[in-house]
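Values in this text are rule-based calculations from the coordinates and carry no lab data. The structure displayed is predicted, hence computed values, not measured ones. Cβ atoms come from the backbone with ideal geometry, glycine included; neighbour counts cover every protein chain shown.
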Amino acid sequence: MAASILAAASTRTADACGSNALLFNWSACVAFACCELATPKTLDEAAAIIKRARHRLRVVGTAHSFSRVADTDGVLLSLRGMPNAVHVLRDERTGTATARCSANITYAELCSQLHAEGVALPSMASLPHISVMGAVATATHGSGDGNGCLSTHVLEAHYLDGDGQRRSCGRSHDEFQLLLLGCLGVVVELTLEVEPRPYEVRQDIYLGLPWEVVDARFDELMGSAYSVSLFSRWDEVGGVEQLWRKQRVPAGGELEPAPQSLFGARLADGPTHPLSGVDASCCTSQGAPAGPWHERLPHFRAERDSSAQGDELQSEYFVARAHAVAALRALRALEVQSRGQLGRLLLVSEVRSVAADTLWMSPFGASASVGLHFTWRHDVAGVTAFLPVLEAALAPLDARPHWGKLFTMAPARVRALYPALPRYRELAMRVDPRGKFRGHGTFVDEVVFAP
């Protein structure tokens with residue numbers, strides 16, 4: 001699926017903004033408005049494209065975003081035609097390790113190479129099909145009380161500026177903050193902090209978790225494993241349909257067998273897909289034995305189509321951990337108040353925990369957060385009409401939307417949720433004074449930079 005946008009583009013010749021190419025994202029809910037799709041094969045070609053672009057240039061990864069975050073009416077730049085590379089560097093003195101990788105590489109490609117080199121990432125998203133830089137730019141995440149979003153893995157960014165010049169910046173530089181939302185430049189490589197040795201994970205699935213247990217023991221529940229996810233359709237009577245627990249195997253040790261019941265839920269008796277009744281063969285291995293980290297942390301196998309195979313829409317909102325139970329109750333109440341409209345539009349929701357970070361435009365910010373993810377039926381009109389109702393229910397909790405998912409929240413409201421926004425805007429205007437990487441009328445311009 002990741003190559004679909006490029007396959008569509010390859011049949012067309014990009015011109016100098018004469019006619020818009022009809023290119024779509026993964027789920028075909030976003031038609032890119034670009035006048036040119038540029039697919040350089042080398043770093044020099046990418047630099048030349050950036051240098052001649054007068055304005056409005058954005059980078060697209062695997063096109064898995066459901067918002068218009070990568071869209072532009074100017075040049076849409078894809079690095080998927082450039083070579084992928086992964087270089088692991090170990091510091092024997094400190095026992096630490098880093099990995100420098102191409103920004104366009106997918107997590108499936110990256111993690112298989114990291115594992116072969118004897119290192120690991122601390123967390124992954126549910127889909128390994130997405131590009132590393134795309135995930136970093138949108139603060140995409142996995143789950144786990146101790147795991148930050150994937151952007152927090154980055155130590156240094158290597159990029160091309162608005163003149164096509166090669167530059168680098170690390171965590172200690174203010175410019176590093178512009179990695180989020182793609183306003184730094186065209187990032188071509190990233191240096192990641194990695195774990196110096198691989199590890200194994202076992203994931204166990206439980207069914208029928210009562211809401212009263214979730215409300216009363218939420219923190220204990222979410223902290224009960226290395227990574228925890230709750231799957232629900234917000235039915236007050238039915239409870240949480242699935243509890244997914246991913247446990248790390250202790251170095252040199254082993255895990256106790258999974259109990260038959262836990263938190264009032266029962267252990268699944270076979271492979272289980274998050275969508276009830278769907279074949280689970282696309283999911284990563286469940287139950288014993290444990291397996292390599294990169295084959296258990298994602299929900300879906302790298303070699304298979306994922307989730308609803310693109311026939312879906314997605315939204316996600318984040319609330320502070322202290323508001324988690326209030327958010328869960330608000331969504332169950334909304335299912336009742338909407339007379340089941342939430343459930344009719346929904347395929348499934350997932351609840352995950354994410355650690356705090358120091359990134360100015362991260363939707364998690366300085367406090368631990370809980371993500372409320374919605375996988376919708378592919379009903380653009382119905383979902384778009386319902387989102388304001390959903391957002392109103394979560395508004396008292398200061399819910400922040402995922403940058404790469406569908407939302408209808410007013411730009412002024414989004415801006416009000418980010419105290420560091422003035423610093424981000426000032427920095428972006430200084431680093432990119434011509435606005436080449438944000439552009440007039442783009443998603444980023446309208447949501448972040450509009451007065």
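Details
- Potential extension, residue 311-residue 267 segment - 0.36 nm per residue separation minus Cα distance: 12.9 nm
- Equivalent ellipsoid of the chain: semi-axes from √(5λ) of the C-alpha gyration tensor, largest first, are 34, 26, 21 Å.
- Once the chain from residue 420 to residue 445 is taken as fully extended at 0.36 nm per residue, the excess over their C-alpha distance is 7.4 nm.
- Shape call, region 158-313: gyration tensor on alpha carbons, a/c limit 1.5: prolate
- Trypsin sites (Lys or Arg not before Pro) restricted to region 307-356 and DSSP loop, no more than 15 other C-beta within 10 Å: 339
- Once the C-beta distance of residue 377 and residue 199 is scaled by a Förster radius of 25 Å, the resulting FRET efficiency is 0.10 to the nearest 0.05.
- Per residue, the average separation of C-alpha pairs within less than 8 Å and at least 6 apart gives the chain a relative contact order of 17 percent.
- Spatially close Lys pairs in the chain, defined by Cα atoms under 27 Å apart and a spacing of eight or more places or different chains, total 5.
- Once both labels are positioned 7 Å from their Cα atoms along Cα-to-Cβ, the gap between residue 429 and residue 333 label points is 4.1 nm.
- Amide N proximity, region 310-352 versus residue 389 label position 7 Å along Cα-to-Cβ, cut-off under 15 Å: 331-347
- Computed over the chain, the per-residue total of -39500 (n - 2.57) for DSSP H runs of n ≥ 4 gives a 222 nm mean residue ellipticity of -6000 deg cm²/dmol, rounded to 500.
- Length added when fully stretched, residue 278-residue 224, from 0.36 nm per residue minus Cα-Cα: 16.7 nm
- Whole-Å semi-axes of region 86-197's equivalent ellipsoid (Cα gyration tensor): 21, 16, 13
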